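Read the structure below first, then the notes.
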Amino acid sequence: MDHVFNDKLLNQLVAKLREAHGARLLSVILYGSGATGETHGVYSDLNVLAVLDQVTPQELASSETIFKWWRDKGNPAPLLMSAEEMRNSTDCFPIEFHDITDCRRVLYGDDLAAGLEIRDVHYRAQVEHELRAKLIRLRQKAAGVLQDRNLLLRLMCDSVSTFCVLGRHVLKLAGQEAPWEKHAVVARLRESFGIEGRALDMLLNLREGRARPRDLNPETLFGTYLEEISTLAATVDRLER
């Protein structure tokens with residue numbers, strides 16, 4: 001049922017973008033797990049790239065109400081880029097562009113990601129930076145909610161998808177098979193790097209309704225979760241630079 005609702009929502013987004021930007025809108029692309037159909041209720045979001053002929057304050061003003069509406073639906077604001085920026089930014093944002101080129105669905109216009117050359121000179125550094133920065137941020141947020149089991153569980157559930165995405169990129173960096181399905185990512189991390197993955201799997205099960213919050217000890221789970229993420233970051237550090 002989720003995919004029917006998502007398709008309706010995406011069609012509305014495209015219609016709003018076309019009305020706001022007219023011929024200046026060149027392409028709208030859904031990318032990442034949303035393009036695979038892997039969505040799980042309140043913990044899922046739809047990542048969208050909107051490509052214009054240029055991005056000036058005028059385009060931003062025209063997008064303001066659309067972006068607010070989209071965020072109110074629980075999704076991150078669309079990436080707004082010009083076609084020239086797409087071609088010239090692949091070395092700065094290899095994680096994002098790998099996600100776009102590896103799994104996408106064109107919702108409107110031309111497939112501007114087709115044939116895009118991704119320069120991986122900063123890829124390993126970006127993956128390690130994102131892992132370590134998000135690990136630090138997770139610890140900071142957790143320090144304020146450790147005594148509230150519900151908030152601690154929500155914090156972990158909100159973050160686990162991001163760490164699975166980064167885990168997928170660790171696999172790509174190591175030349176390993178890098179699946180999109182998140183449990184499959186955890187299984188590959190376990191096989192390739194010896195990362196236990198128990199906390200990652202448990203949090204994914206909780207997101208998917210296959211585990212019950214009352215059956216978990218959030219504080220113990222959080223300790224295991226931190227260990228797994230730290231091990232993942234250390235794994236990237238050991239990869240060839």
Identify all residues within the stretch 12-39 that are among the β-branched types (Val, Ile, Thr) and part of a helix (DSSP H, G or I); write none if there are none.
14, 36
Out of the residues in the stretch 177-227 that are of a type in the set (S, T, N, Q) and in a helix (DSSP H, G or I), state the one that is farthest from residue 141 (Cα to Cα).
192
Go through the stretch 89-117 and count every residue that is more than 29 Å from residue 228 (Cα to Cα), in contact with a Phe, Trp or Tyr (Cβ under 8 Å, 6 or more places away or on another chain), free of Cβ contacts under 8 Å to residues at least 40 places away in the same chain and not polar (S, T, N, Q).
1
Return a yes/no flag: does the stretch 60-67 have any residue that is at negative phi and either modelled with pLDDT under 95 or basic (Lys, Arg) (or both).
no
In this structure, does residue 78 turn out to be outside the structural domain of residue 155 (by TED's automatic domain parsing), in contact (Cβ under 8 Å) with a residue 60 or more places away in the chain and surrounded by 15 or more Cβ atoms within 10 Å (Cβ to Cβ)?
yes
Within the stretch 171-178, is there a residue that is under 20 Å from residue 216 (Cβ atoms) and crowded, with 18+ Cβ neighbours inside 10 Å?
no
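Let's see how each residue does on (1) farther than 23 Å from residue 218 by Cα; (2) not aliphatic (A, V, I, L, M):
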{"site": "157", "(1), (2)": "no, yes"}
{"site": "165", "(1), (2)": "no, no"}
{"site": "169", "(1), (2)": "yes, yes"}
{"site": "181", "(1), (2)": "yes, yes"}
{"site": "191", "(1), (2)": "yes, yes"}
Check off (1) within 30 Å of residue 52 (Cβ to Cβ); (2) loosely packed, with under 15 Cβ neighbours inside 10 Å; (3) modelled with pLDDT of 95 or more for residue 137 and give me the number that stays unchecked.
(1)
Considering (1) modelled with pLDDT of 95 or more; (2) exposed (fewer than 14 other Cβ atoms within 10 Å of the Cβ); (3) under 27 Å from residue 182 (Cα atoms), say which one residue 57 fails and leave the rest.
(3)
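The values are calculated or read from the model by the stated rules, or taken from the named source; none is laboratory data. Treat the numbers as computed from the prediction; the structure is a model and nothing was measured. A quick note on method: Cβ atoms are made from the backbone with ideal geometry, for glycine too, and the neighbour counts reach across all protein chains shown.
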